[in-house]
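Okay, structure first, notes after.
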Amino acid sequence: MAPVVVLVGVPGCGKTTVGRALAATLGVEFRDTDIDIEQMAGKPIPEIFIDEGEEHFRTLERAAVAAALASGTGVLALGGGAVLAEETRAALIGHRVVHLSVELPDAVKRVGLGAGRPLLAINPRATLKHLMDQRRPLYNEVATETVTTDGRTPAAVVAELTALLPR
């Protein structure tokens, strides 16, 4: 078993919104590893960062991604930083991975001031730009396709993704 598609990208690219809509269109389940992590930890991600730190969160994230890749059958959205782990990038080989690409102005509009996003708590715009610059090469490394989401509705992105996926 493997996910139909794995969505990767920075915060604000549309992984959750587009992922849910795509799963509904395809008639499959939607799974978000951030939700899996919160269920594993019994608390929201910001609390994990505060209570145990980012490294603990990344350990939980690697485990959540590995489990989801092994057992998922629908649309899977990975947290924005999941690709930082070399073992996660290696585990994505052989999967259909779509990088939902977004540029800074649209991403900032979508994430707002970073509420509920620990890494964006201080100076969200500058931090998001740094995350984009740091992670874009990793998203491109794991992606089998890239779909741009700037200035597009979730429905338009879903239509493009649906056309990319085998029937």
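One table, with the values for the structure above:
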item	result
Subset of segment 58-78 [assigned to a helix (DSSP H, G or I), touching a residue at least 24 places away in the same chain (Cβ under 8 Å) and over 18 Å from Gly9 (Cα atoms)]	Ala67, Ala70, Ser71
Members of segment 79-98 that are part of a loop (DSSP other than H, G, I, E, B) and either in contact with a Ser or Thr (Cβ under 8 Å, 6 or more places away or on another chain) or closer than 23 Å to Leu161 by Cα (or both)	Gly79, Gly80, Gly81, Leu92, Ile93, Gly94, His95, Arg96
Residues that are among the polar types (S, T, N, Q) and farther than 13 Å from Pro3 by Cβ, drawn from segment 58-78	Thr59
For Leu69: the one exception among (1) modelled with pLDDT under 95; (2) over 23 Å from Thr127 (Cβ atoms)	(1)
Evaluation of Pro11 against (1) over 22 Å from Glu103 (Cα atoms); (2) surrounded by 14 or more Cβ atoms within 10 Å (Cβ to Cβ) (one fails), failing number	(1)
Neighbours by Cβ (under 6 Å, 6+ apart or cross-chain): first from segment 121-147, farther than 12 Å from Arg89 by Cα and surrounded by fewer than 15 Cβ atoms within 10 Å (Cβ to Cβ); second at pLDDT below 95 and aliphatic (A, V, I, L, M)	Glu145/Leu164
Segment 1-41, residues that are in contact (Cβ under 8 Å) with a residue 60 or more places away in the chain and touching a Phe, Trp or Tyr at 6+ places or on another chain (Cβ under 7 Å)	Val8, Gly9
Restricting segment 14-48 to residues that are part of a helix (DSSP H, G or I) and among the basic types (Lys, Arg), the residue that is surrounded by the most Cβ atoms within 10 Å (Cβ to Cβ)	Lys15
Helices (runs of 4 or more DSSP H) (entirely within segment 99-167) containing at least 1 residues that are at negative phi and modelled with pLDDT under 90	104-111, 124-142
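The values are calculated or read from the model by the stated rules, or taken from the named source; none is laboratory data. No experiment lies behind these values; they were computed from the predicted model shown. All Cβ positions, glycine included, derive from the backbone under ideal geometry; neighbour counts span all protein chains shown.
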